[in-house]
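Scroll down for the structure; my scribbles are underneath it.
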Amino acid sequence: MLDLKKLDLVTIRNSLRKGDFTSEELVGSYIDRINNSKKLNTYNTLNIENAINLAKESDKRILKKNYRPMEGIPIGIKDLFCTKGVKTTASSKMLENFTPTYESTITEKLFYQGMILIGKLSNDEFAMGSSNETSYLGPVLNPWKKETSDQYLVPGGSSGGSAAAVSASLCPVATATDTGGSIRQPASFTGTVGLKPTYGRCSRWGIVAFASSLDQAGPITKTVADSAAMLTHMAGYDEKDSTSSTAKNENYEEAIGGSLKGKTIGIPHEFERLDISLDIQNNWESAIQWYKDAGVNIKSIKLPHSKYALPAYYIIAPAEASSNLARYDGVKYGSRVEGEVLDDLYKKTRGAGFGEEVKRRIMMGTYVLSAGYYDAYYLKAQKVRRLIHQDFVDAFGSVDAILTPTTPTTAFEIGENVSDPLKMYSNDILTVPVNLAGLPAISIPSGLDKDGIPMGMQLITKHFDENSLFQFGSIIEMSRSDMFQPKDWWMN
Amino acid sequence: MSITKDTILKISNLAKISITEDETLKLQSEISSIIKWVETLNEVNTDDIEPMTNSLTNSLRMREDNVNDGNKIRDILLNSPTEDDNFFVVPKVIE
Amino acid sequence: MVNDIKVARYTLEGQSGLWETVIGIEVHAQVTSESKLFSGASASYGGSPMSHVSLVDAAMPGMLPVINQQCVRQAIKTGLGLKAQINKFSVFDRKNYFYPDLPQGYQISQFKYPIVGEGEVRVTLKDNSDIRVGIERLHLEQDAGKSFHDIDPESSYIDLNRSGVALMEIVTKPDLRSADEAKAFVTKLRTILRYLETCDGNMEEGSLRADINVSVRKPGDELGTRCEIKNVNSIKFIGMAIDYESRRQIDEIENGNKIIQETRLFDVSNGKTRSMRSKEEAHDYRYFPDPDLLPLNLDDNFISEIAKEIPELPDEKKDRFLRNYGLSSYDADILVSDKKYAEYFEKVTVGRDPKISVNWITGELFSALKRLSIDITNSPVSCDNLGELIDLISEGTLSGRLAKDVFEIMLETQKNPRIIVKEENLSQITDEGSIEKIVDKILGENPDKVSEVREKPKMIGWFVGQVMKESQGKANPSSVNEIIQKKLGL
Ligand SMILES: [Mg+2]
Ligand SMILES: [Zn+2]
């Protein structure tokens, strides 16, 4: 059995090519570990047989030295990406038996480069949530536990399954999506690296939509280098997505390294007022020091409208979602509850098929778009959005990157916030402004809090400047002292 | 602004989601407090500010007029809960 | 310009006096394109159920719309043809409602920022007067699928072949005042769309459907409450629906009732409109910009390239026909009502008298084509052959009567008229000697009529007829007339 905890993507890639182990061995080891980690509830669907067969194919290619860039490397896919012939549920009862006949652009690209689908990872239902507690298949557990308590923690959300699986070494890397922090927040909660690329960088085609103007796919990985390697193969123009950018792509791995001397990082000090825990504030100070040590200038900046990002987001995202989820009506695919008349069928199907949080957001979104309220809520939020965006544009006039914590607190207990939507929403207070502005951002494990739980720092750069994210990000990776490896308490 | 029970019922009808009496009351209080919270946006002066619906600024890209899709009846119907003769089927609609 | 509110152009009589009907029309015209507005599935009519459906049209999870450039071009072209403002900035919105023929749960349409703004259509009425109908806007939107309610007693069946096909919604101002005006407008609009080749105007296949907004008022009053009659799919029905609806509204008001703003359906079986109760539940479409699509920004170059493709349109063609050919307005209207008629005419009339050409085309040719249900493009009588037939008349080879016989043979055989004349020995008898012989014969056989005609000179027509008959129509009628007069000493 391989020690998967030591294996990141870059290491696996090299080892496979050198013949240290085979893809079949590797896939077998992951399947074994997954089978022993059922308690975490990370995977909705496994793809074992196919994965083993594909691994054998990859081994043949590697032997013949005609391997593809990501040959034989297993990957977990958030259950929001449509995968041809493999059930895609969005962790919703509504789609519990939905099997796409098509492959999302992102998974298509990754599989084309030789990656192997090991299974579909849990998430908050339709990506709506910040704790992975809204999945109809039950909550995902965070592989991290407090040293002082036996309570289970949430892995964050909505990409909680992806973050927990990478953290627990149940796959070396995973895909995820981020609408208001759904990649970065769970990455921060689980000690993994979560990248939200620039809006338009990765195709949305074939990803179950939550809020179209905000949704963006990205990877969750163990290292910054892995994140760069993944983006290299996920990014790219897609003619099937009208919001896909034609911006130039590069080999992002090559960006890492090189001196940052003379570059400037911006610190929005007003964020300190946003109820950020003391441990995280201190960790933020440490991170600032690491940059100073690397010769980076530190500049105080203002993002005066960012405090309004959360309420703006909770108008815009539900509004788009209320429309995006109208297609789940029991007629063409998905769950259906019969009704006497059509209206009954619709209402019963959607009443039974959607969970509580999804219904709440659809209702909220329907309300803010409805006659008489559109201007007061939806239009107002879109105007505030422009001001938030403009704050960033102004800030990037004088800094190369912005550094903030990813979340105001570390992972909380399962059940702790479910009864209070507003408290749950406040988790995303530091990540949401980035989505509204369409900027790229990354969360990097930066320390452990007093309970031994991971904290993460968020870096934000200009549109389409992911290269700088990786460059600046590696400083944190090199400077931090903690190890980000949870203990295997959940194993059988 | 506080939301009435009638508004919740109107919205659930627009959204085509059946809700129980208990859910109605719960949603009424939750959505009221969310609405109250988002109204903090009123603190922001947005006079003369254009709404921003997307962070991308380029124009809509257009595709060539080619027929390169369709003829995939099996794919369209594979996940269909009820289907007959290649049609989707719903309870009778009276116009 | 007759659009004066003070003077009603057209009124209906009620118990309480005169009423004026005010009509605005929303036309849904299917854009002529190969593929759909936002998907690569075929936009063509028909096809077995679900065969023209892509994953996008069926609203599968994660599917995204990509706009068809041709549809945008067609909308602009139509806008230019309607002398309308082209908006360089337009936005696609979602119109949200649940219906089984609407797989996404929303229709992608344009609400606040349509691609085309205000324009105008000149419409000539039966009495030859012109009215101007203002165009409010034109926008692009998706068509819905089709529901079948008669396959099964308990269920409706849904086919998505139409789902996502591009439509242009063309909205008029409330500038129409009668069923005839509305019919003339839709006819004219269809002609323009066909000239532009942006919509085939085929109403039987649903390529052109009209929603008609009807209200009534006392002349000079404010606008009354309107009712919208949905999806009327023939010009005849448009007229019937308006006639019924305006009369219904007048009766309602005169009986002391109020008009309720509602959607109504025209029932073809009884010529009446009725309330569509099922669609009457409070609609709140929650329009908002489609976040899957960015705003459409058009540059001047793109628009001016399309402007170059605009053909001569019916109004300009009519003006030219009046100017260059000296046609009557009536004749010109008929010819320009279809680009193919005008083309046919212009080929026939080269070097020939325009009036004679029009008469042959709108007379013999049109009635023959109608009788045989043949389109002019497949006419058995080619424009060259019709031209030669006209030549044979003006050369004196054929009388009008003979020409009609030749025309019938042309219809059947598609032959050149000169060949027919030769083969059938049909040319007119013009030499006086031969005509005299026949005249002598007829006069000789009818001595009683000869004495009668001296009293009643109008009877000469009877002799001419007999001579023509005897000559099997080949005698030149004016020579016959002359010779008879001479012989009878009249
Ligand atoms: Mg309409
Ligand atoms: Zn329409």
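Bear in mind these aren't lab numbers, they're just calculated from the coordinates by the rules spelled out. As the structure is a prediction and not an experimental result, all values here were calculated from the model. Cβ: placed from backbone, ideal geometry, glycine included. Neighbour counts: every protein chain shown.
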Cα gyration tensor category, rounded, prolate or oblate, for chain A with a/c compared to 1.5: rounded
Shape of the stretch A:408-452, Cα gyration tensor, a/c cut at 1.5: oblate
Percent of alpha-carbon pairs separated by more than 16 Å within the stretch C:432-488: 30 percent
Candidate lysines for bridging to C:Lys83, where Cα separation is under 17 Å - those fewer than 8 sequence places away on the same chain excluded: C:Lys173, C:Lys188, C:Lys308, C:Lys317, C:Lys318
The stretch C:314-424 - percent relative contact order, Cα under 8 Å, separation 6 or more: 20 percent
Anisotropy class of the stretch A:1-152 from Cα gyration tensor, a/c 1.5 cut: oblate
Mean ellipticity per residue at 222 nm, deg cm²/dmol - from DSSP H runs of n ≥ 4 across chain C, formula -39500 (n - 2.57): -11500 deg cm²/dmol
Surrounding net charge for A:Ile442, when Lys and Arg each add one and Asp and Glu each subtract one, Cβ distance under 11 Å: -1
Relative contact order computed over chain C (Cα-Cα under 8 Å; 6+ residues apart), in percent: 14 percent
Percent of Cα-Cα distances greater than 23 Å, calculated over the stretch C:251-351: 66 percent
Rounded to whole Hz, the Karplus (6.51, -1.76, 1.60) HN-Hα couplings of the stretch A:176-185, x for glycine and proline: 7, 9, 9, 10, x, x, 5, 9, 6, 5
3J(HN,Hα) from dihedral phi, the stretch A:325-337, Karplus parametrisation 6.51/-1.76/1.60, rounded to Hz, x for glycine, proline: 8, 5, 5, 8, 10, x, 9, 9, 6, x, 4, 8, 10
Amide H partners (placed H, <5 Å) of C:Lys272, local residues excluded: C:Asp267
Charge dipole (debye, nearest 20) of chain C; +1 at Cβ of Lys and Arg, -1 at Cβ of Asp and Glu: 780 debye
For the protein assembly as shown, convex hull of alpha carbons as volume per residue, Å³: 225 Å³
For the stretch C:30-74, the Rg and Dmax computed from alpha carbons only, in angstrom: 10.8, 30
Rule-of-thumb Rg ratio for chain C [Cα; 2.2 N^0.38 Å; N residues]: 1.28
Cα-based reach from A:Lys196 at 16 Å (exclusive), listing lysines while leaving out same-chain residues under 8 positions away: A:Lys78, A:Lys222, A:Lys462
Most to least packed among C:296-309, A:258-271, A:126-139, C:237-250 [average Cβ atoms within 10 Å]: A:126-139, C:237-250, A:258-271, C:296-309
Whole-angstrom gap from the stretch C:84-110 to the stretch C:15-83, using each part's C-alpha centre: 10 Å
Net charge, C:Val406 excluded, C-beta distance under 15 Å - Lys, Arg +1, Asp, Glu -1: -4
Peptides C:200-208, C:358-366 ordered by average Cβ neighbours within 10 Å, highest first: C:358-366, C:200-208
Length-normalised contact order of chain A in % [C-alpha pairs under 8 Å, at least 6 apart]: 18 percent
Amide proton proximity set for C:Ile67, modelled H, under 5 Å, gap of 5+: B:Arg63
Using alpha-carbon coordinates, inclination of helix B:21-38 to the longest axis of chain B, degrees: 70 degrees
Cα centroid separation - the stretch C:415-440 against the stretch A:325-383, whole Å: 83 Å
Dipole of the protein assembly as shown, positive direction: furthest Cα of A:Leu40, C:Ile212, C:Leu298, with charges on the beta-carbon: C:Leu298
Residue mean of other protein chain beta carbons inside 10 Å, A:74-84: 1
Peptides C:455-468, A:242-255 ordered by average Cβ neighbours within 10 Å, highest first: A:242-255, C:455-468
Number of partner chain Cβ atoms within 10 Å, mean per residue of A:375-385: 6
Local electrostatic count at A:Ile267 - Lys and Arg +1, Asp and Glu -1, tallied over other residues with Cβ under 13 Å: -1
Pairwise centroid distance, computed over Cα atoms, of the stretch A:25-84 with the stretch A:443-492, Å: 25 Å
Peptide A:234-247, shielding by other chains (average Cβ, 10 Å cutoff): 4
Selected from B:Leu41, B:Leu77, B:Thr7, residue furthest toward positive end of dipole (chain B; charges at beta carbon): B:Leu77
Fraction of antiparallel bridges per DSSP, chain A only, in percent to nearest 5: 70 percent
Interchain or long-range residues, amide H under 5 Å from A:Ala401's placed H: A:Thr264, A:Gly266
Whole-Hz couplings from phi, Karplus 6.51/-1.76/1.60, listed for the stretch A:409-423; x for Gly and Pro: 9, 8, 3, 9, 6, 4, x, 5, 10, 4, 7, 10, x, 5, 5
